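**Q** Have a look at this one.
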Amino acid sequence: MHKGQFDLLSAIADGHFHSGQELAAKLKVSRAAIWKSIKQIESLGLPVEAVRGKGYCLVAPVELLSEDLIKASLTSQAKQYCNNIEVLFKTSSTNAILLNQLATAEVHGKVVLAEYQSEGRGRRGKKWVSPLASGISLSVAWHFDIAPGALGLLSLYMGVAVARTLLQSGLIDVSLKWPNDVVVNDKKLGGILLELRGEASGPVDVVVGIGLNYNLPSKIISDIDQAVCDICNLSNKRLSRNYIVATLLSNVFEVLHDVQAGVSTKLIDEWRQFDHYRGREAKLVMSDKKIEGVLKGVDDQGQLLMLVDGVVERYTAGEISLRLKQ
Amino acid sequence: MDIRKVKKLIELLEESGIAEIEIHEGEESVRISRGSTLAAPQTMIQVPQSTQAGEAVKMHPASEESTPKADFADEGHVVTSPMVGIYYSSPSPEEPEFVSRGSSIKTGEVLCIIEAMKIMNQIESDVSGKLIRALVENGEAVEYGQPLFIIDPS
């Protein structure tokens, strides 16, 4: 469907100049078709430089996702659980793809990745911006025969899986903001959205969606309405996108395994190690109200603890908005 | 109930020849039964009110007592909330509601989303029929067992 754009992006992925003529010959299409595909790639958020006499060049080289490279770098445990990896060039949302398949297909252990999401989503219709080949957007489906006791905690544990991945990749100052926003130096690096279908005490299907900023074009960074950062800017060495995906999937499957096996209780303490927001003043925003207080960490069920009017209260819903440090 | 206690009970069951034990402790109860085809015993923990299967679903501030299901039972089939959380009538704010008055509904169709711990729980209908009415407003906090929809079963 998007083969033309994919082939062209592969041909220019190295970040060097390629002439329209060279690309047309290589891909066996007209130069006009190349030009059209370049415009489409740009419209998906990836900037391309065009210089007369030299050709086309990506502003920054990209590493396209590869099913084989990802599979090769999974831990043996993850290989055991991950039965199917699908890399899509362009899709609405990887979570939507898996949710739609729940009813008709066996999707336990299935992973869907996308180079570009047109409707990447966060909480309640919040958009997750995922420009072409610049982020990591993936979803994992998992079936529990019996909803585990720690299902509510899964939201926090997935944050742990992401934070662990970033530490293993050499990043520092990785924080988790309740329940699972991934933040570095108060700038958002990633988000997680869990969608669940099933019975509270019976079989349940969970779709875990994870979005990470890998190497965002600067124009996109300035367009997003909050402070964001990306992996490439935070790291002093060039980190392979496929390798990060493999590390992430390995951690996600390890957490899912631990939750299923009922050996996940220590994960809440790991979450606390990433909680750098204790003691910060914050607002908890729910659909119809705002509560102000001081963040006090989480209890063993993963509920948010907040000091409000001298009393520590517990919350299971809402979004934390931090008061900026003076 | 303390998880270590439940674990102890499972061990006790495994050592004994008993097929099932049920323990009541105040408002909480736990029943552990040895499935005939399963090697490991199956556990079902029932905690009334706010917590289901140990899931953290307590809400604060606690809203008023939920209306008993029986109040609507003569109007039709009542779908109740399986958990505590925030009720959403549509997939996202820009999209239309999952169901509205008069919608015909199939078993397994998603009726609403309840959010807790940033998990979007899609609540499915357990019957087919026609929606008489929804009892909760978008964005409202709901309690465990609170009636959400009345459906005229077909």
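**Q** Counting alpha carbon pairs within less than 8 Å and at least 6 residues apart, what relative contact order, in whole percent, applies to segment A:167-326?
**A** Rounded, it is 17 percent for segment A:167-326.
**Q** Still on this structure, I have one more. Classify segment A:68-214 as rounded, prolate or oblate, taking a ≥ b ≥ c as the square roots of the eigenvalues of its Cα gyration tensor: rounded when a/c is under 1.5, otherwise prolate if a/b is larger than b/c and oblate if not.
**A** Values: a/c = 1.34, a/b = 1.21, b/c = 1.10.
Since a/c stays below 1.5, the shape of segment A:68-214 is classed as rounded.
**Q** A follow-up question, please. So between A:Trp35 and A:Asp68, what do we pick up on full extension, going 0.36 nm a residue minus the alpha carbon distance? It would help to have the intermediate numbers written out before the result.
**A** Working: separation 33, 0.36 × 33 = 11.88 nm, distance 3.01 nm.
Difference between extended and current length: 8.9 nm.
**Q** Relative to a virtual label point 7 Å from the Cα of A:Gln21 in the Cα→beta-carbon direction, which members of segment A:44-65 show backbone nitrogen distances below 11 Å?
**A** Under 11 Å, as judged by backbone N against the label point of A:Gln21, lie A:53-54 of segment A:44-65.
**Q** Please find, in a Gaussian network model of chain A (springs between Cα atoms separated by less than 10 Å), the residue of A:Ala96, A:Ala133, A:Ala11 whose mean-square fluctuation is greatest.
**A** Evaluated over chain A, the most mobile residue of the options is A:Ala11.
**Q** Test of understanding: extend the Cα→C-beta vector of A:Ile172 to 7 Å, then name every residue of segment A:196-235 with backbone N under 15 Å from that spot.
**A** In segment A:196-235, the label zone of A:Ile172 (backbone N under 15 Å from the point 7 Å along Cα→Cβ) covers A:234-235.
**Q** Considering chain A as a Gaussian network with a 10 Å cut-off on Cα pairs, which listed residue, A:Ser134, A:Ser218, A:Ser43, attains the greatest mean-square fluctuation?
**A** Maximum fluctuation in the GNM of chain A, among the listed residues, is at A:Ser218.
**Q** Between A:Asn100 and A:Met286, what length comes free when the chain is fully extended (0.36 nm per residue of separation minus the Cα-Cα distance, one decimal in nm)? Mind dumping the intermediate values first?
**A** Working: separation 186, 0.36 × 186 = 66.96 nm, distance 2.80 nm.
Gain in length upon complete extension: 64.2 nm.
**Q** Can you work out the FRET efficiency for the pair A:Val51 and A:Tyr243, with r the C-beta to C-beta distance and R0 = 25 Å, to the nearest 0.05?
**A** Taking R0 as 25 Å, the efficiency between A:Val51 and A:Tyr243 is 0.20.
**Q** Give me the distance in nm between label points sitting 7 Å out from Cα along the Cα-to-Cβ direction at B:Ser128 and A:Val294, one decimal.
**A** Distance between label points: 5.9 nm.
**Q** Indicate the gyration tensor shape class of segment A:205-321 (rounded, prolate or oblate), computed on the Cα atoms with a ≥ b ≥ c the square roots of the eigenvalues: a/c under 1.5 is rounded; otherwise a/b larger than b/c is prolate and the rest oblate.
**A** oblate
**Q** Considering Cα pairs under 8 angstrom that are at least six residues apart, work out the relative contact order of chain A and quote it in whole percent.
**A** Contact order relative to length: 15 percent.
**Q** Same structure, new question: Which one, A:Leu102, A:Leu74, A:Leu167, has the greatest fluctuation when you compute a Gaussian network model over chain A with C-alpha springs under 10 angstrom?
**A** Evaluated over chain A, the most mobile residue of the options is A:Leu167.
**Q** Determine ³J(HN,Hα), in whole Hz, for all residues of segment A:93-106 in sequence, where each value follows from phi through the Karplus function 6.51 cos²θ - 1.76 cosθ + 1.60 and θ = phi - 60°; x replaces Gly and Pro.
**A** 7, 5, 4, 4, 4, 5, 4, 5, 7, 3, 5, 10, 10, 7
**Q** Please give the helix A:31-43 orientation as an angle from the longest Cα principal axis of chain A, in degrees from 0 to 90, rounded to the nearest 10.
**A** Its long axis makes an angle of about 20 degrees.
**Q** Additional query: So how tilted is helix A:241-261 from the main axis of chain A? Cα-based, degrees 0 to 90, rounded to 10.
**A** Taking Cα atoms only, the helix is inclined about 30 degrees.
**Q** Over segment B:67-153, calculate the relative contact order: mean separation of alpha carbon pairs under 8 Å at least 6 apart, over the residue count, as a percent.
**A** RCO, segment B:67-153: 41 percent.
**Q** Round to a whole angstrom and tell me the spacing of the C-alpha centers of segment A:104-183 and segment A:261-326.
**A** 19 Å
**Q** With 21 Å as the limit, write out which pairs from A:Lys36/A:Lys90; A:Lys90/A:Lys187; A:Lys126/A:Lys187; A:Lys3/A:Lys36; A:Lys28/A:Lys54; A:Lys126/A:Lys188 have Cα-Cα distances beyond it, or answer none.
**A** From A:Lys36/A:Lys90; A:Lys90/A:Lys187; A:Lys126/A:Lys187; A:Lys3/A:Lys36; A:Lys28/A:Lys54; A:Lys126/A:Lys188, over 21 Å: A:Lys90/A:Lys187.
**Q** Thinking of the protein assembly as shown as a set of Cα atoms, what percent of all their pairs are more than 30 Å apart? Working shown, then result.
**A** Details: 58795 of 114960 pairs.
Result: 51 percent of Cα pairs exceed 30 Å.
**Q** I would also like to ask the following. Using label points projected 7 Å from each Cα along Cα→Cβ, tell me how many nm separate B:Ser104 and B:Lys8, to one decimal.
**A** Using points 7 Å along Cα→Cβ, the separation is 5.7 nm.
**Q** With the Cα gyration tensor of segment B:67-153 giving a ≥ b ≥ c as the square roots of its eigenvalues, does the rule (a/c under 1.5 for rounded; else a/b larger than b/c for prolate; else oblate) give rounded, prolate or oblate?
**A** oblate
**Q** Between B:Glu137 and B:Ala73, 0.36 nm times their residue separation minus their Cα-Cα distance comes to what?
**A** Fully extending the segment from B:Glu137 to B:Ala73 adds 21.0 nm.
**Q** Then there is this: Please give the calculated 222 nm ellipticity per residue for the protein assembly as shown, where each DSSP H segment of at least 4 residues contributes -39500 (n - 2.57) and the sum is spread over every residue; nearest 500 deg cm²/dmol?
**A** The per-residue figure over the protein assembly as shown is -7500 deg cm²/dmol.
**Q** Which residues among segment A:130-156 fall inside the zone where the amide N is under 20 Å from a point 7 Å beyond the Cα of A:His257, along Cα→Cβ?
**A** Counting only backbone N, you get A:139-146, A:148-151, A:154-156.
**Q** Can you list the HN-Hα couplings for segment A:224-238, worked out from phi with the Karplus curve (6.51, -1.76, 1.60; θ = phi - 60°), rounded to whole Hz and with x for Gly and Pro?
**A** Result, ordered by residue: 6, 7, 8, 6, 10, 9, 9, 4, 4, 6, 7, 9, 8, 10, 6 Hz.
Just so you know, all these numbers are worked out from the coordinates, no wet-lab data involved. In this text the structure is predicted, and so the values were computed from the model without any measurement. When we count neighbours, we look across all protein chains shown, and the Cβ atoms used for this are built from the backbone with ideal geometry, even at glycine.
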